[in-house]
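> Would you mind keeping the following structure in view while I ask a few things?
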There are 2 protein chains.
Amino acid sequence: MSKTKVLLVGSGGVGTIGAYSLEYAGKSEVTVVVRSDYDIVKEKGYEIDSCDYGIIKSFKPTNLVNSIEAAKEFGPFEFIVITTKNLPDVFKIEELIQPVVTKDSAIILIQNGIEIGAPILEAYPENIVLSGVQMIGSSNRNGKILHTIKDSVKIGYFENKNLPLDVQKAACEKFVELYKTDKNHCEYDEDVKFTRWRKLVYNATFNPLCALTDTDSGRMELFGGVDTVIRDGMKEVLKVAKSDGVDLPEDIMEFMIRSDDGVYYAPSMQVDYQKGNYMELEVICGNALRIAQKNKIDTPVLSLIYNLLRVLQMKIKEAKGAIVVPKERPIPSPSMI
Amino acid sequence: MSKTKVLLVGSGGVGTIGAYSLEYAGKSEVTVVVRSDYDIVKEKGYEIDSCDYGIIKSFKPTNLVNSIEAAKEFGPFEFIVITTKNLPDVFKIEELIQPVVTKDSAIILIQNGIEIGAPILEAYPENIVLSGVQMIGSSNRNGKILHTIKDSVKIGYFENKNLPLDVQKAACEKFVELYKTDKNHCEYDEDVKFTRWRKLVYNATFNPLCALTDTDSGRMELFGGVDTVIRDGMKEVLKVAKSDGVDLPEDIMEFMIRSDDGVYYAPSMQVDYQKGNYMELEVICGNALRIAQKNKIDTPVLSLIYNLLRVLQMKIKEAKGAIVVPKERPIPSPSMI
């Protein structure tokens, strides 16, 4: 049986474990796009310390490239797996992958957020777009991967109304077969939209509020933020999910609040903010709010959180030189507003 | 005419200019309580660079002491002027000044916030308590005072129902006479409660939100925070003020938003947060909210701001060692909540 050609874009801590899993399962020929660590990984491979796979001194995927353009020679790809951060206010995934998408590519977003399939389906209305919701803890420091929380992925599809459902489901099942190993957990999820909203109960509240206050989830609770703000935000997430056709059980809130018990956990957005990295604000908070607005759901807490996080994101953009703040503070004219 | 004995507590950038003004006016014998800079000021005096008074190489008030207790030998004081930060969640002013309050002392709070007279009147129901609302920019670095924004103070009284109003008004007018110079601005304010609420329109919005996002007022506007959050917060301040009997004009909001025009201004709470100092959260945000609750005014924006700022204040307390966070994250039991 010939191997399936899989392209993986976004080889940080999470993506590298994904690439390793695909290679380990043995059914894929994996091409990985690596940006900043390309030279070091090309030479030495990834050094992996994984709770699932143990110590791997040097992991080199079958093909390693430093750009999407360079990946083309190893295509066409049956699966294009996206494990980058999803930052539509910084770059568009649909534009990034344009050179490698063919009519037979299934695009898989293993990423945070809600409603993230929409722009991909709009750009590629004839393609299958899969939705991967992952639980994992893994970080990358200059090609050294520290994988601490076991990999568990649920795979479903963002429904493409131009394609038969059974074809979309079959793509999910095929990808599960490619990804699943004896060490990780990967399964088809027939209600992955539920799973995405479920994860958002944590991600749309703890993530931005821990970033905003630069406080881990444990202190957030000890210092009163869980009782005074997080719970109210979670209630709003449940209301918005319901307006989007997803009925989350009430007790999911308490489950999420207790999910970091025992540790002072810094959610990804807090870590991003501390490091001066962009935060996945738009796909986690912004998209939920846009659904709320469309469905006329009142979200005072989530709206305020989003608006303040946007200020932080702009600060990060300024620090990265992506925007320039005038030396002299401008007095806004109607045309500026 | 013998001089009036005045005690000044809180000799930072603002208090030192106050002490200097009282001495400069020549009608007071000023005793100043200095804590951290006592040794250096005792030896060298304050070095002042003032937009009102010019360069003063060495200013020593008539009496300099390092504690309230030590001040007693220079009393009794007709006026006790408080220019410390007002931090009821850290220390109580009414307890701090207890050793020097006599039945004839008028206590003057030249401090931010709303409803700050109440605990003083409760502790000293027979005393006059005055309300000073000040506009000034002045900072202190190890006894070096840099005074950059002209001193302007309005003096009224927190009404003490146990005393005749004309006596309370006379105390205001006497203090204005003591404080007023040809360089500063100081006047009796017959509606100082209005003036306090007016100042709070800025202080209860820009101050906490600039602290929370660590963003100056100029960037707050450029990055969208003024249009999305500050204005809504200001509207709530106006509603709460109205419920407290103070009818602020709508256009005060635009006036406050434009008040820092031309500069990227870091409000005091942001500066405090950056320096790891306590923020005047309770008197600015907390008291406004308590009035809102009492009067059943809905304040979703101000409530959320307050609850998040409390998390920051707790972080500061932890950093200062005022609270200890358990090494292992505790799982809350009902008794902890």
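> Considering only chain A, pick the residue with its Cβ nearest the axis of the rotation onto chain B, and state the distance in whole Å.
Closest Cβ to the A-to-B rotation axis, residue and whole-Å distance: A:300, 2.
> Another question, then. Just tell me the longest site-free run in chain A, where the sites are trypsin sites (Lys or Arg not before Pro) in a DSSP loop having at most 15 other beta-carbon atoms within 10 Å.
A:162-257
> Also: For region A:195-319, which semi-axes, largest first and in whole Å, follow from the square roots of 5 times the eigenvalues of its Cα gyration tensor?
Values: eigenvalues 92, 70, 26 Å².
Over the Cα atoms of region A:195-319, the semi-axes work out to 21, 19, 11 Å.
> Same structure, new question: Can you compute the helix-only [θ] at 222 nm over chain B? Use -39500 (n - 2.57) per DSSP H run of at least 4 residues, normalise by all residues, nearest 500 deg cm²/dmol.
-11500 deg cm²/dmol
> Need one number: % antiparallel among DSSP beta bridges in chain B, to the nearest 5.
35
> Here's something else I'd like to know. Per 10 Å bin, what is the whole-percent P(r) computed from every C-alpha pair distance within region A:241-309?
Histogramming region A:241-309 at 10 Å steps yields 16, 38, 38, 8 percent.
> Tell me, which residues of region A:218-235 get at least 20 Å² less accessible area when the other protein chains come in, versus the chain alone (1.4 Å probe)?
Relative to the lone chain, where solvent access is computed with a 1.4 Å probe, region A:218-235 loses at least 20 Å² at A:219, A:221, A:222, A:223, A:227, A:228, A:229.
> Further question: With an 8 Å cut-off on Cα pairs and a minimum separation of 6 or more residues, tell me the relative contact order of region B:4-190 in percent.
Working: 398 pairs, mean separation 43.7, N = 187.
About 23 percent, as a whole number.
> Let me know the shape class of chain B, please: from the alpha-carbon gyration tensor, a ≥ b ≥ c as square roots of the eigenvalues, rounded when a/c is under 1.5, otherwise prolate if a/b is greater than b/c, or oblate.
rounded
> How much accessible area per residue does region A:4-190 have, in Å², with a 1.4 Å probe?
Per residue, region A:4-190 has 44 Å² of solvent-accessible surface.
> Roughly how big is the B-A contact, given as buried accessible area in Å² (both sides, 1.4 Å probe, nearest 100)?
3800
> Remind me, relative contact order of region A:195-319 in percent, using alpha carbon pairs under 8 angstrom and six or more residues apart?
Dividing the mean separation by the residue count of region A:195-319 yields 36 percent.
> Nearest 0.05, what FRET efficiency do residue B:296 and residue B:170 give at R0 = 41 Å with Cβ-Cβ as r? It would help to have the intermediate numbers written out before the result.
Working: r = 37 Å, r/R0 = 0.91.
Approximately 0.65, to the nearest 0.05.
> Along Cα-to-Cβ, 7 Å out, sits the label point; list in nm, shortest first, how far the one on residue A:70 is from those in the other copies.
Label-point distances to the other copies, shortest first: 6.9 nm.
> Quick one: check the C-alpha center-to-center distance for region B:26-101 versus region A:280-326, whole angstrom.
For region B:26-101 versus region A:280-326, the Cα centre distance is 46 Å.
> Separate question: If I take every Cα pair under 8 Å that is 6 or more residues apart in chain A, average their sequence separation and divide by the length, what percent do I get for the relative contact order?
RCO, chain A: 15 percent.
> In nm, one decimal, shortest first: how far is the label point of residue A:35 (7 Å from Cα along Cα to beta carbon) from the matching points in the other copies?
Result, one decimal in nm: 4.8.
> Give me the inter-chain shielding for A:308-316: mean count of other chain Cβ atoms within 10 Å, whole number please.
Per residue, the average neighbour count from other chains is 6.
> Here's another thing I want to ask about it. If you split all Cα-Cα distances of region A:4-190 into 5 Å bins from zero, what percentages do you get per bin, shortest first?
1, 8, 18, 22, 22, 16, 8, 3, 1, 0
> At R0 = 22 Å, how high is the FRET efficiency between residue A:67 and residue A:94 if r is their beta carbon distance? Nearest 0.05 is fine.
Result of the calculation: an efficiency of 0.85.
> Mind listing the long-range amide H neighbours of residue A:46? Cut-off is under 5 Å, sequence gap 5 or more, other chains count too, H placed in the peptide plane at 1.01 Å from N.
HN-HN under 5 Å from residue A:46: A:59, A:60.
> If I compute solvent accessible area with a 1.4 Å probe over the protein chains, what percent of it on region A:117-156 is carbon and sulfur? Working shown, then result.
Values: 1020 of 1810 Å².
The computed percentage sits at 56.
> Which distance in Å, rounded to a whole number, links the C-alpha centroids of region A:215-278 and region B:1-17?
Taking the Cα centre of each part, region A:215-278 and region B:1-17 sit 49 Å apart.
> Name the residue farthest towards the positive end of the dipole of region B:182-276 from the options B:276, B:256, B:238, assuming +1 on Cβ of Lys and Arg, -1 on Cβ of Asp and Glu, about the Cα centre.
B:276
> Further, regarding this structure: Counting only protein heavy atoms, what percent of the accessible surface of region B:195-320 is carbon or sulfur at a 1.4 Å probe?
Roughly 50 percent, rounded to a whole number.
> Which distances, shortest first and in nm, link residue B:298 to the matching position in the other copies, using label points set 7 Å out along Cα to C-beta?
0.4
> Which links in B:161/B:242; B:85/B:180; A:193/A:242; B:92/B:296; A:85/A:154 stretch past 20 Å when you go from one Cα to the other?
Over 20 Å Cα-Cα: B:161/B:242; B:85/B:180; B:92/B:296.
> Another question about this same structure. What are the semi-axes of the equivalent ellipsoid of the protein assembly as shown, taken as the square roots of 5 times the eigenvalues of the Cα gyration tensor, listed largest first and rounded to whole Å? Walk me through the numbers before you get to the answer.
Details: eigenvalues 707, 121, 100 Å².
Listed largest to smallest, the semi-axes of the protein assembly as shown are 59, 25, 22 Å.
> Whose amide H sits under 5 Å from the amide H of residue B:107, counting only residues 5 or more places off or on another chain, with H placed in the peptide plane?
B:80, B:128, B:129, B:130
The values are calculated or read from the model by the stated rules, or taken from the named source; none is laboratory data. Being a predicted model, the structure only gives us computed values, none of them experimental. Here Cβ is always computed from backbone atoms with ideal geometry, including for glycine, and neighbour counts include all displayed protein chains. These accessible areas exclude ligands, DNA and RNA; they are computed on the full protein's heavy atoms, side chains included. Shrake-Rupley method; radii C 1.70, N 1.55, O 1.52, S 1.80 Å.
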